[in-house]
Amino acid sequence: MDFALRGDVSVGLLLVISLLASTAKLSQATEVDLELLSSPLYELEQKISYHTLDNGLQLRLLALDGGEAVSVASQFSVGSRDEKLGETGYAHLFEHMLFKGSQNAPGDSYAQTMSSLSGQFNASTFFDYTNYYLTIPSDALELALWLEADRFIRPALTTATVQNQQATVLEEMATSIDNQPYVRQAMEFLLQQAQGTPYQHAVIGSKKDINNATPESLTAFHHQHYRPDAMQLSIVGALPADTERWVETQFKEWQRPSQAKVTHHAISFDNKPVRGEIVDSRGPWPALLLAWHTVGQSHKDAAAITLLEAYLFQNRNSLIKQSGLSDPEQLLTYSIPLSMEHMGVANLVMVPRANISLDKLSQGVESMLDEVAQHGISHKTLTRLKAQWLNVKLRQIDSPSLLARSLSATLPQDRDAPLTGQWIRIEQVTTQDIRRVATQYFNQGYVRVDLLPPWYIRWGKTILEWLPKGLIDSLEDKVL
């Protein structure tokens, strides 16, 4: 399953090893009609049916013409930020447990039933949320909703299944983090920058806490955090006429706890120079990790930062990608923005050419940021960035599964505008906003972590940095 270590990936450097940042083609039109381009969002949003059950569960239904399948997405506002001391990794571990039996569907009944229906199902855990999603034939929706309600409300947390999933999570930890060069140390270094906040530990948690989890402690976690008023349920596709009634039937008896939900607040950081160095005997080559504190999704500057990150790092026409088109200084660059509800981190991983030092890479990024902070970007460039954002969003709504997940990930401020709320903020961004956030969040200092291989590789590379460029280029071409 996609147990979504996206938080760990972004703050933890799997970027260097195995992830590719997704990119979108920037519109090449000289004039982009953003109003026309965004119209499908408004048209589709008008078709959404909104319901809130008496227990607080939010339901969004979107019937689509054609097809015989339906996609269901359930997102709970519980993630690693909600874990107490000694319970790190519980949100992720509990996500695993919900595929391993409930009161009326014990053991592997859920997976077996979904497979028999040719259904597709998965889940992910992040700092802020846990989501579950599936796509099944429309005529199996009533059964699917019964299964979803049973596992969310009445999970079966036995000693055997807890031990089984503890082993699974620890294997995942070993494969994706501990067995990869640089990842564990880099992740821990970056998480130290968030000490004192709910985001100070990894989504996957610690080995000790995972090993110490029990059916009783996980049951307590479930009772506290899995509650109807923390759930957004979205169903998209060929909806049967009785869909709303089925949801009401399966979920209406789920009682809202008497205690109020945990309230989280915005977190702010001062960007200042922070320098770290990690040496890993397994490292194949040096790399440079840069990170900037930004803002959470609900912040007024979030839209401008989203566009600026795209301009700097994210798409194939970004400044960092363009800098590598001719005589590049880097072999590879990766950037996957980390955006939580109340905190954000922009990041960039760069792997240098043989004759380029990490200092030179860092200086190049600083110069790039200085240029944007001093001169900003043109209105034409900003319009194209907005068009690129829209194109990504439009591709997302072309997939019923992605659309359902997007609806269930709606921010509180966009409750009544789940498809257009963020676009309205993106559309309002000005060139002055871009220049301002570049200065405020990217040009005041950053976290730099040098990822270094063993001494003999560093020694060899230092020699290469002093050799004539033509000779180095020839050697690189032969090696690569």
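Values computed for the structure shown
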item: Every residue from segment 82-136 that is touching a Lys or Arg at 6+ places or on another chain (Cβ under 8 Å) and of a type in the set (D, E, K, R); result: Asp108, Asp128
item: Among residues of segment 173-194, those that are open to solvent by less than 40 Å² (accessible area, probe 1.4 Å) and among the acidic types (Asp, Glu), counted; result: 1
item: Residue match in segment 325-344 (condition: under 25 Å from the mean Cα position of the chain (by Cα) and of a type in the set (Val, Ile, Thr)); result: yes
item: Near pairs, Cβ below 8 angstrom, 6+ apart or cross-chain, from segment 416-430 (free of Cβ contacts under 8 Å to residues at least 60 places away in the same chain) to any residue that is open to solvent by 20 Å² or more (accessible area, probe 1.4 Å) and outside any helix (DSSP H, G or I); result: Gly421/Leu411; Ile424/Ala417
item: Subset of segment 310-348 (residues that are among the acidic types (Asp, Glu) and either outside any loop (DSSP other than H, G, I, E, B) or at pLDDT below 90 (or both)); result: Asp327, Glu329
item: Subset of segment 376-411 [at pLDDT 95 or above, surrounded by 18 or more Cβ atoms within 10 Å (Cβ to Cβ) and farther than 18 Å from Val429 by Cβ]; result: Pro400, Ser401, Leu403, Ala404, Arg405, Ser406, Leu407, Ser408, Ala409, Thr410
item: Failed criterion for Val429 (all others in (1) out of contact with any Lys or Arg (no Cβ under 8 Å at 6 or more places or on another chain); (2) surrounded by 15 or more Cβ atoms within 10 Å (Cβ to Cβ); (3) of a type in the set (A, V, I, L, M, F, W, C) hold); result: (1)
item: Count of residues meeting criterion [under 20 Å from Ala409 (Cα atoms) and without any contact (Cβ under 8 Å) to a residue 40 or more places away in the chain] in segment 64-121; result: 1
item: Count of segment 103-160 residues which are part of a helix (DSSP H, G or I) and either modelled with pLDDT under 95 or not basic (Lys, Arg) (or both); result: 25
item: Cβ pairs under 6 Å, 6+ apart, first in segment 367-380 and on the phi > 0 side of the Ramachandran plot, second open to solvent by 20 Å² or more (accessible area, probe 1.4 Å) and at pLDDT 95 or above; result: Gly376/Thr431; Gly376/Arg435
item: Residues of segment 32-48 satisfying the condition of being in contact with a strand residue (DSSP E or B) (Cβ under 7 Å, 6 or more places away or on another chain) and either free of Cβ contacts under 8 Å to residues at least 60 places away in the same chain or open to solvent by 30 Å² or more (accessible area, probe 1.4 Å) (or both); result: Lys47
item: Among the candidates Thr214, Thr197, Thr159, residue that is open to solvent by less than 70 Å² (accessible area, probe 1.4 Å), under 21 Å from Leu93 (Cβ atoms) and among the polar types (S, T, N, Q); result: Thr214
item: Selection within segment 60-85 - within 30 Å of Ser206 (Cβ to Cβ) and either at pLDDT below 95 or not in a loop (DSSP other than H, G, I, E, B) (or both); result: Ala73, Ser74, Gln75, Phe76, Ser80, Arg81, Asp82, Lys84, Leu85
item: Set Leu57, Leu36: member being within 18 Å of Asp398 (Cα to Cα), aliphatic (A, V, I, L, M) and at pLDDT 50 or above; result: Leu36
item: Residue, modelled with the lowest pLDDT, within segment 225-250, restricted to residues that are assigned to a helix (DSSP H, G or I) and open to solvent by less than 40 Å² (accessible area, probe 1.4 Å); result: His225
item: Residues located in segment 259-309, provided they are farther than 30 Å from Pro453 by Cα, open to solvent by less than 40 Å² (accessible area, probe 1.4 Å) and outside any loop (DSSP other than H, G, I, E, B); result: Ala302, Ala303, Ala304, Ile305, Leu307, Leu308
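The values are calculated or read from the model by the stated rules, or taken from the named source; none is laboratory data. In this text the structure is predicted, and so the values were computed from the model without any measurement. Backbone-built Cβ (ideal geometry, glycine too); neighbour counts: all protein chains shown. Accessible surface areas use protein heavy atoms only, side chains included; no ligands, DNA or RNA. Shrake-Rupley method; radii C 1.70, N 1.55, O 1.52, S 1.80 Å.
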